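So the structure is just underneath, and the comments pick up after that.
Values in this text are rule-based calculations from the coordinates and carry no lab data. Because the structure is a prediction, the values reported are computed rather than measured. With ideal geometry, Cβ positions are generated from the backbone for all residues, glycine too; neighbour counts draw on all protein chains shown.
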Amino acid sequence: MCEHRNFKAQVCVNRIEDVDRFVADVSIQCGDCGVQMQFIGLPCGLNLNGAAVSTMGTEARLAIAPEGEVVPPIDGPQGFSIRQYPGDPNGQ
C-alpha cells in the first residue's frame with residue numbers, strides 16, 4: 001500500500017481568447033504509485049472568474065490573471081457547471 005509521499009504536478013495554462021482570460025489546469029499524481037489525486041470541494045465545470053474541477057475531480061481549473069491587471073467583466077456566459085444526476089450515486 002502506497003503512502004503517497006512524493007508527488008508530480010502538471011500545469012497547463014490556456015488562453016481563452018474570446019473573452020481575454022487565462023485558465024490554469026492543474027493535475028497532481030503520486031510520484032511513487034501514479035494514482036491521480038482528486039481536488040475536493042470545488043464545483044464541477046469551468047468558471048472563468050474562479051475555480052472548478054473536471055468531471056473526474058482530477059484536474060483543477062483555476063481562473064488566473066497577470067498580477068496587478070484589472071480583469072474586465074465578461075459579457076455573456078462565464079463558464080459552465082455540471083451537476084450530478086440525483087439518482088446516480090456515482091455521478092455518471
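I want the local charge near V35. Using Cβ-Cβ distances under 15 Å, sum +1 for each Lys or Arg and -1 for each Asp or Glu among the other residues. Summing Lys/Arg as +1 and Asp/Glu as -1 gives -1. Taking amide H as placed 1.01 Å from N in the peptide plane, the amide H of F22 sits under 5 Å from that of I16, I64, each at least 5 places away or on another chain.
Note down the net charge around N14, summing +1 for each Lys or Arg and -1 for each Asp or Glu among other residues with Cβ under 11 Å from its Cβ. Before the final figure, lay out the partial values.
Numbers: positive: R15, R21, R61; negative: E17, D25.
Value of the local net charge: +1.
According to the square roots a ≥ b ≥ c of the eigenvalues of the Cα gyration tensor, what is the shape class of the stretch 30-70, taking rounded for a/c under 1.5, prolate for a/b larger than b/c otherwise, and oblate for the remainder? Since a/c reaches 1.5 but b/c is at least a/b, the shape of the stretch 30-70 is classed as oblate. Simple point charges give the picture: +1 on the Cβ of Lys and Arg, -1 on the Cβ of Asp and Glu, and for the stretch 7-65 a dipole about the Cα centre of about 100 debye. Counting charges near S54 (Lys, Arg +1; Asp, Glu -1) among other residues having Cβ under 11 Å from its Cβ returns a value of -1.
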